[in-house]
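Q: Have a look at this one before I ask anything.
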Amino acid sequence: MNAPSVAKALARADSQAKVVRAACPHDCPDTCGMLVTVKDGVAVKIQGDPSMPFTEGTLCTKVAFYLERTYAPDRVLYPLRRTGPKGSGEFRRISWDEALDEIAARLKALAAENPETILPLSYAGTMGMVQYSSMDRRFFHRLGASILDRTLCSSAGKMGLKYTLGGSVGMDPERFVDSKLILLWGANPVVSNLHLWSRVQEAKRRGAKVVAIDPYRSLSAEKCSAHVAPLPGTDGALALAMMHVLVRDGLLDRDYIERHTVGFDALAERLKRYTPEWAAAVCDLPVAQIEALARDYGTLRPAAIRLNYGMQRHAGGGIAARTIACLPALVGAWRDPAGGIVLSTADFYGFDHATLERPELLGGRRPRVVNHAQLGDALTSAEPPVKAVIVYNNNPVAVCPDSEKVIAGFRREDLFCVVMDAFLTDTADYADLVLPATTQLEHYDVHKSYGHLYVLANNPAIAPLGESLPNSEVFRRLAARMGFEEPCFRDSDEDICRQALRSASPRMRGIAWEAVKESGWQRLSVPERFAPFAEGGFPTPSGKCEFYSEAMARAGLDPLPFYNPPAECATSNPALARRYPLAFLSPPARNFLNSSFANLKRFRDLEGEPRLDMHPEDAAARGIRDGDRVRVFNDRGAFTLRARVNGRPRRGVVVAPSVWWKKYSPDRGNANNVTSQRIADLGGGATYYDCLVEVERLA
């Protein structure tokens, strides 16, 4: 049954109901198609769209209860002004005119002095082009505000792949079902990539070998054929040793290398030093396990790698991702649709970002760039100082590293802070003004994905609750109050959706807003069995997979893969490791999505309370038993939680599934009390998983 027919059939089941096509907005590669049933203006049911080929009618356990989020009793429905001290969360209701007049007046005054004292603080709380990256960017470009470099999640790995493959491109995730070897490299798809996981499971049922490479025995790892558990931040060393074995043992596709790669001879010479014995010492793995993994990769066809973002969140993360991305070209894995590697598919889309964001509104100005991962420093010591922040799609007090410094910045009485959100987040508690934001059921948007190849439309199912407004409308109204007269500030949300899809890219051929709005989704114009680089054609300067990168050489970087270790480990900082001997990881909790959903009682109850997973040997050495209260600490800060002595982390590693809102944590702390503002080697990426701590039992 096609997409429109599904919606009509559901509506016929209740003649008083209508079914609206929607898309999940959250920071997840799956970007699910959804159907929302509405009766008498109220959304009464949400479900996956069974006609959408990648997500196939299923939603994750979080979004399946999205109506609870939309109709939550603690939802912010009216503009609010702070009445108590910053951080108290005490507010009173005001009108939209009061709020917008005050914001415009404050921004005008600051812009007249120096617009770079104004900082937009947005991230991926919603990932649709309208609410995430359009009218807001136009507004801040026209203003001349500081530019936020949004680096918290993926920028190091994306830059590593750009130097190697030419961009955020890779194999079609739908084709994992046909793979014979699957490496889940730092990936836990049970939690964060559900619809890929169903294909991995089907491939395993058909005889594929599935290997998890992860310091943590995640829910996915325990269901794989094998689990390889290197020390955190040593993934690049493991990949180099695998390549050493492939070259040494002749497990190469010489024809593919000759025709579709650059720099193999230099790479082969470099690899001589990276033996399995060397990597075994670096990664703390058996030599035999490294050899076996390399031989499997060199002999099982087709071989697919799902590379995820956790492995690039350390000081050497960009080079590590680049190194791993070299593997498929060595063995010719790209020849088959079910072979290759994927970190993100985002650059296969040809959305018109220039029209969406209008950088020409800068008028030749070059405002300073603020790295999101170093927000604490920006709010406490930047010159000129940040004097105003507009926060939307973001909860930086909970999610940014070195959060005690972030809080110190938000606590400044001279910082004017506006938060646009559906809930009083940890960050909203520090706001001067809070503006009520719509949820996905209440506005238009258009979506691409970083985990499949479909464009999706989001249609509003219900009228905005209370006085909530879409982000786009707030910036329209602010632009009018600021006197911005450019026609682009009068574009409607549907105008923006149309603009996003205007593209000269052949992959966007035949995709237009009206058609996607009606059907809910449309696949990019690529073959069903899409093998993007079977005949080369990489979007690199050479058109080939670049083992040797001239662009890196020109930038003063090593043009070949090499091992770039974490900053906080025994080899790079032995003195620190003696004081803080445990590597600390904070991967996504199953029932939260970053900090989204962590305020809803259903999901907090499922998570129970903040917990620290420990290896029995590490726990015993500290007199810690399962269920004990423990304190995790380093020089940056500390927080408390409950120990789970379950052996899921490898020895020497502790894991705190995250991100808990601070206000719902026992001591108003969370994992980011101990994480660092240090940035990665490429792309300015955050280094959440490059973190040493100690753990002590509390009485």
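The values are calculated or read from the model by the stated rules, or taken from the named source; none is laboratory data. Note that this is a predicted model, so its numbers are computed, not measured. We place every Cβ from the backbone using ideal geometry, glycine too, and count neighbours over all the protein chains shown. With ligands, DNA and RNA removed, areas are computed over all heavy atoms of the protein, side chains included. Shrake-Rupley method; radii C 1.70, N 1.55, O 1.52, S 1.80 Å.
Q: May I ask you to order 245-253, 402-410, 442-450 by the average number of other C-beta atoms within 10 Å around their residues, highest value first?
A: The densest-packed peptide leads the list: 442-450, 402-410, 245-253.
Q: How large a share of the accessible area of region 27-165, in percent, is made up of carbon and sulfur atoms when the probe is 1.4 Å and the other protein chains stay in place?
A: Details: 2450 of 4730 Å².
Within region 27-165, the accessible surface is 52 percent carbon and sulfur.
Q: Under 8 Å for C-alpha pairs, at least 6 residues apart: give me the relative contact order for region 366-456, rounded to a whole percent.
A: 23 percent
Q: Something else now. Can you tell me the order of 360-369, 518-527, 567-576 when each peptide is scored by its average per-residue count of other Cβ atoms within 10 angstrom, highest first?
A: My ranking of the peptides, most packed first, is 518-527, 567-576, 360-369.
Q: Also, quick follow-up: Could you work out the relative contact order of the chain, using alpha carbon pairs under 8 angstrom and six or more residues apart, expressed as a whole percent? Each step should come with its number before you reach the end.
A: Details: 1658 pairs, mean separation 140.3, N = 699.
Dividing the mean separation by the residue count of the chain yields 20 percent.
Q: In debye to the nearest 20, how big a dipole does the chain give about its Cα centre with +1 on each Lys and Arg Cβ and -1 on each Asp and Glu Cβ?
A: Details: 87 positive and 81 negative charges, 178 e Å.
Dipole of the chain, to the nearest 20 debye: 860 debye.
Q: Using mean Cβ contacts within 10 Å as the protection proxy, how do 31-44, 82-95 order, highest first? Numbers along the way, then the final one.
A: Details: 31-44: 19.5, 82-95: 14.1.
In descending order of packing, they fall as 31-44, 82-95.
Q: In straight Cα distance, which aspartates and glutamates are under 12 Å from Lys39, not counting same-chain residues fewer than 8 positions off?
A: Asp14
Q: While we're looking at this one, here's another question. Can you tally the net charge around Ala212? Count Lys and Arg as +1, Asp and Glu as -1, for every other residue whose Cβ sits under 13 Å from the Cβ of Ala212.
A: That works out to +4.
Q: If you take every DSSP beta bridge fully contained in the chain, what fraction is antiparallel? Give it as a percent rounded to 5.
A: 50 percent
Q: Cut-off 16 Å, label point 7 angstrom out along Cα-to-Cβ of Asp667: give me the residues of region 377-419 whose amide nitrogen falls inside.
A: Taking a point 7 Å out along Cα→Cβ of Asp667, the residues of region 377-419 whose backbone N falls under 16 Å are 402-405.
Q: Relative to the present Cα-Cα distance, how much length would full extension add between Glu413 and Arg93 at 0.36 nm per residue of separation?
A: 113.1 nm
Q: What is the gain in length, in nm to one decimal, between Lys108 and Asp40 on full extension, counting 0.36 nm per residue of separation less the C-alpha to C-alpha distance?
A: Separation in residues times 0.36 nm, less the Cα-Cα distance, equals 20.2 nm.
Q: So what is the accessible area of the chain per residue, in Å², with the probe set to 1.4 Å? Please report the intermediate quantities before stating the final value.
A: Working: 24090 Å² over 699 residues.
Normalised by residue count, the accessible surface of the chain is 34 Å².
Q: Moving to a separate point now. For the chain, take N as its residue count and report Rg(C-alpha) divided by 2.2 N^0.38 Å.
A: 0.93
Q: Please give the calculated 222 nm ellipticity per residue for the chain, where each DSSP H segment of at least 4 residues contributes -39500 (n - 2.57) and the sum is spread over every residue; nearest 500 deg cm²/dmol?
A: -8000 deg cm²/dmol
Q: How much of the accessible area of region 514-581, probe 1.4 Å, is carbon plus sulfur, in whole percent?
A: Reported share for carbon and sulfur atoms: 54 percent.
Q: Looking at this model, which pairs from Lys405/Lys601; Lys405/Lys663; Lys158/Lys544; Lys180/Lys544 are more than 22 angstrom apart at the alpha-carbon?
A: Lys405/Lys601; Lys180/Lys544
Q: For the pairs Lys162/Lys387; Lys162/Lys272; Lys62/Lys662; Lys45/Lys204, note any where the Cα-Cα span goes beyond 29 Å.
A: Lys162/Lys387; Lys45/Lys204
Q: If Lys and Arg each add +1 and Asp and Glu each add -1, what is the summed charge of the other residues whose beta carbon sits under 14 Å from the beta carbon of Arg650?
A: On the way: positive: Arg217, Arg648, Arg651; negative: Asp214, Glu222, Asp235, Asp284, Asp613, Glu617, Asp618.
Net charge in that neighbourhood comes out at -4.
Q: Could you look at region 622-699 and say what percent of its accessible area is carbon and sulfur, using a 1.4 Å probe and all protein chains? Could the numbers behind the result be given before it?
A: Numbers: 1180 of 2700 Å².
Carbon and sulfur: 44 percent of the exposed surface of region 622-699.
Q: Net charge around Leu80, counting only other residues with Cβ within less than 13 Å of its Cβ (Lys, Arg = +1; Asp, Glu = -1)?
A: -3
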